[in-house]
């Protein structure tokens with residue numbers, strides 16, 4: 001029994017020749033991520049399901065949406081041009097995506113309901129932890145880490161108020 005204890009201690013000690021190093025500092029510019037669950041209700045007819053995306057905005061209300069996306073003040077997931085889409089006709093979807101660290105004031109699931117890729121979009125769900133749908137809940141993405149619990153209810157009939165001016 002003693003030889004086992006000595007052997008275990010010897011093996012443990014063999015890997016510790018310099019002591020315990022502290023964890024390296026987190027790079028404040030390293031991307032973080034968010035993850036959560038999207039739950040869906042009242043799916044529209046299939047012929048109006050052209051696209052679904054998750055969009056995180058730095059500002060609320062978002063002013064110039066196209067300018068925000070092009071300027072990095074709004075991050076779209078999956079990225080525009082990516083052929084991987086948020087799936088249709090599911091009860092729920094777990095998601096995770098990378099974001100630059102910092103504060104985001106609005107997270108929405110947006111639905112393209114028509115053929116016009118520049119105009120036929122509307123928010124169908126938003127991240128909000130209180131009962132006031134007019135002011136969505138902001139969140140902070142930590143550098144190099146994942147913020148969990150960013151859950152978004154989506155109801156295609158009872159949509160959140162339009163945030164766009």
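The values are calculated or read from the model by the stated rules, or taken from the named source; none is laboratory data. On a predicted model such as this, the values are computed, not experimentally measured, just so you know. Backbone-built Cβ (ideal geometry, glycine too); neighbour counts: all protein chains shown.
Out of all the residues in segment 71-80, is one or more under 27 Å from residue 162 (Cβ atoms), out of contact with any strand residue (DSSP E or B) (no Cβ under 8 Å at 6 or more places or on another chain), modelled with pLDDT under 80 and surrounded by 10 or more Cβ atoms within 10 Å (Cβ to Cβ)? No, there is no match, as no residue in segment 71-80 is under 27 Å from residue 162 (Cβ atoms), out of contact with any strand residue (DSSP E or B) (no Cβ under 8 Å at 6 or more places or on another chain), modelled with pLDDT under 80 and surrounded by 10 or more Cβ atoms within 10 Å (Cβ to Cβ).
If the condition is being over 17 Å from residue 77 (Cα atoms) and either under 12 Å from the mean Cα position of the chain (by Cα) or in contact (Cβ under 8 Å) with a residue 40 or more places away in the chain (or both), then segment 104-132 contributes 113, 114, 115, 120.
Test of understanding: among 69, 157, 140, which residue is closer than 22 Å to residue 37 by Cβ and within 18 Å of the chain's Cα centre (by Cα)?
Details: 69 fails: closer than 22 Å to residue 37 by Cβ; 157 fails: within 18 Å of the chain's Cα centre (by Cα).
The match here is 140.
Of the strands (runs of 3 or more DSSP E) lying entirely inside segment 120-165, the ones with 3 or more residues being over 15 Å from residue 110 (Cβ atoms) are found at 139-141.
Would you be able to say whether some residue in segment 52-70 is farther than 22 Å from residue 98 by Cβ, buried (at least 16 other Cβ atoms within 10 Å of the Cβ) and modelled with pLDDT of 95 or more? Checking segment 52-70: not a single residue is farther than 22 Å from residue 98 by Cβ, buried (at least 16 other Cβ atoms within 10 Å of the Cβ) and modelled with pLDDT of 95 or more.
Do we find that residue 86 is out of contact with any helix residue (DSSP H, G or I) (no Cβ under 8 Å at 6 or more places or on another chain), modelled with pLDDT under 85 and surrounded by 13 or more Cβ atoms within 10 Å (Cβ to Cβ) in this structure? No; evaluated as a whole, the condition is false for this residue.
Inside segment 25-43, can you point out the residues that are surrounded by fewer than 16 Cβ atoms within 10 Å (Cβ to Cβ), more than 15 Å from residue 150 (Cβ to Cβ) and in contact with a strand residue (DSSP E or B) (Cβ under 8 Å, 6 or more places away or on another chain)? Once the filter is applied, which keeps residues that are surrounded by fewer than 16 Cβ atoms within 10 Å (Cβ to Cβ), more than 15 Å from residue 150 (Cβ to Cβ) and in contact with a strand residue (DSSP E or B) (Cβ under 8 Å, 6 or more places away or on another chain), segment 25-43 yields 31, 41, 42.
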